[in-house]
1. Which pairs turn up if I take residues in the stretch 247-275 that are on the phi < 0 side of the Ramachandran plot and more than 16 Å from the ligand (Cβ to nearest atom) and look for partners that are assigned to a helix (DSSP H, G or I) and among the small types (Gly, Ala, Ser) with beta carbon separation below 8 Å, at least 6 apart in sequence or on another chain?
2. What residue, among those in the stretch 329-364 that are away from the ligand (no atom under 14 Å from the Cβ) and either charged (D, E, K, R) or part of a strand (DSSP E or B) (or both), is nearest to Leu202 (Cα to Cα)?
3. Is it fair to say Ile52 is surrounded by fewer than 18 Cβ atoms within 10 Å (Cβ to Cβ) and without any contact (Cβ under 8 Å) to a residue 24 or more places away in the chain?
4. Which of the residues spanning the stretch 90-119 are among the hydrophobic types (A, V, I, L, M, F, W, C) and in contact (Cβ under 8 Å) with a residue 12 or more places away in the chain?
5. How about the stretch 291-328: which of its residues are assigned to a loop (DSSP other than H, G, I, E, B), within 16 Å of the ligand (Cβ to nearest atom) and in contact with a Leu (Cβ under 9 Å, 6 or more places away or on another chain)?
6. Lys378: surrounded by fewer than 23 Cβ atoms within 10 Å (Cβ to Cβ), away from the ligand (no atom under 13 Å from the Cβ) and within 26 Å of Phe147 (Cβ to Cβ), yes or no?
7. Looking only at the stretch 90-133, how many residues end up being in a loop (DSSP other than H, G, I, E, B) and basic (Lys, Arg)?
8. Quick one: is Glu346 surrounded by 13 or more Cβ atoms within 10 Å (Cβ to Cβ), over 21 Å from the mean Cα position of the chain (by Cα) and without any contact (Cβ under 8 Å) to a residue 12 or more places away in the chain?
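We did not get these values from a lab; they are worked out from the coordinates using the rules stated. Quantities reported herein were computed from a predicted structural model and do not represent experimental measurements. We place every Cβ from the backbone using ideal geometry, glycine too, and count neighbours over all the protein chains shown.
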Amino acid sequence: MKILVVNSGSSSIKYRLFDMADESLLANGLVERIGIQGSLINHYPAGKDAFIKEIEIPDHRKGIELVIDALLDNKYGVIKSISEITAVGHRVVHGGEKYSGSVLLNDDVMDTLNEFIELAPLHNPPNILGIKVCQELLPGIPQVGVFDTAFHQSIPEQAFLYGLPYSFYEKYRIRRYGFHGTSHKYVAQKAAEILGKDLKELKVITCHLGNGSSITAVKEGKSVDTSLGFGTISGVIMGTRCGDIDPAIIPYLMEKEKLSFKEINDILYKKSGFMGLSEGISSDMRDLEAQVSNGNKRAKRTLDVLYYGLKKYIGAYTAAMNGLDVLVFTAGIGENSPLLRKTVCEGLSFFGIEIDDKKNDGLKGKKAIISTENSKVKIFVIPTDEELMIAHDTAEICNNFNG
Ligand code: ADP
């Protein structure tokens, strides 16, 4: 069974083709700068030369056409006919309150997805566009939607409601949704697998730390709380997003600086976090760590805020679950920053969290247990693989569908 995974963004399309027999990656690639000058396709077939071509890509339709051509190409291709593709799995950012799992994308589901555009105005429209183009260009091949929000639909009301007038929840569905769900679910399951335990028996905290970051508490195999919420700015500070702030700051700043709705939004989403706190050093963790080692105070205070925020979430979620068995670090920063992992875990021995410096030092992008033998909490680094998880869900839905 071959599954194509598509992640369609506003100006890019990422794709991967998996052979589910052994979960091997047959090809992956990226269509970039759709509708912008200098558009290109980067195609990486397993065991063959990469193929990178600059070509005009005015829209997503042309982008997907190029992906299909690349997969079928005589020299760079990995399949002979599109009928070899059993199904296509799509990453969809927002599934609202309706989807707590992945779904076959029929007309009814597509109508519902359109309703969620107002909840994710930047992300859902290009996701939907990618699905529509694939439906047109790959007729008869089942398409499955896998939602970033789905895993978090198990969060109980006490954790998903905000302290606003309840009518806003009823009218506008304002609540905590959470994101990165596919990643949190994947790494939590992997950790349980490595320990040889059922995830349902474990209390797990997963830290997905990338350009966007979120922390999730997983109990009895379900997400019970997560740090991103209605939008994608709450929780710990991120590359350019502010993380948790007192909401009183927003009207105060708007008044003081005479800011429009768009301007304040830009500050919260694009000019804050690492970039804002460091006064423009960078939104990239590597640059900040390099500056800290050069003694830069602006970089240091920025990372101190991040470390402290992470410690607080770990403490809060340990309390929420009445204990902790497993702590997982994943995504760009979580997988590649031994310094962050060490600093965050230090001083948490009260919770039974003890990191082994020898195992942690220098560990980048590899699956490993980095806690000491005696640590009550097992600490893991697990590279995330959202695409493989999407492929799994897609395969499962197709198997169920085919009876
Ligand atoms: P996205 O949310 O865009 O998927 P990623 O998961 O790729 O982001 O994470 C990007 C972040 O990971 C950046 O802040 C980057 O600096 C950080 N990162 C990548 N490699 C390293 C490294 N070797 N050391 C520290 N941080 C790293």
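1. Once the first residue is on the phi < 0 side of the Ramachandran plot and more than 16 Å from the ligand (Cβ to nearest atom) and sits in the stretch 247-275, its partners that are assigned to a helix (DSSP H, G or I) and among the small types (Gly, Ala, Ser) give Ile267/Gly276.
2. Filtering the stretch 329-364 for residues away from the ligand (no atom under 14 Å from the Cβ) gives 345-359.
Cutting the leftovers down to either charged (D, E, K, R) or part of a strand (DSSP E or B) (or both) gives us 346, 353-359.
Working: Glu346: 22, Ile353: 15, Glu354: 18, Ile355: 19, Asp356: 21, Asp357: 24, Lys358: 26, Lys359: 23 Å.
Ranking the qualifying residues of the stretch 329-364, first place goes to Ile353.
3. Yes; evaluated as a whole, the condition is true for this residue.
4. Result: Val92, Val93, Val103, Leu104, Leu105, Val109, Met110, Leu113, Phe116, Leu119.
5. Looking only at the stretch 291-328, we keep the residues that are assigned to a loop (DSSP other than H, G, I, E, B), and these are 294-296, 322-325.
Imposing the further condition that a residue be within 16 Å of the ligand (Cβ to nearest atom) reduces the set to 294, 296.
Hit for the stretch 291-328 is Asn296, nothing else.
6. Numbers: surrounded by fewer than 23 Cβ atoms within 10 Å (Cβ to Cβ): yes; away from the ligand (no atom under 13 Å from the Cβ): yes; within 26 Å of Phe147 (Cβ to Cβ): no.
Answer is no for this residue.
7. 1
8. Taking the combined requirement at face value, the residue satisfies it.
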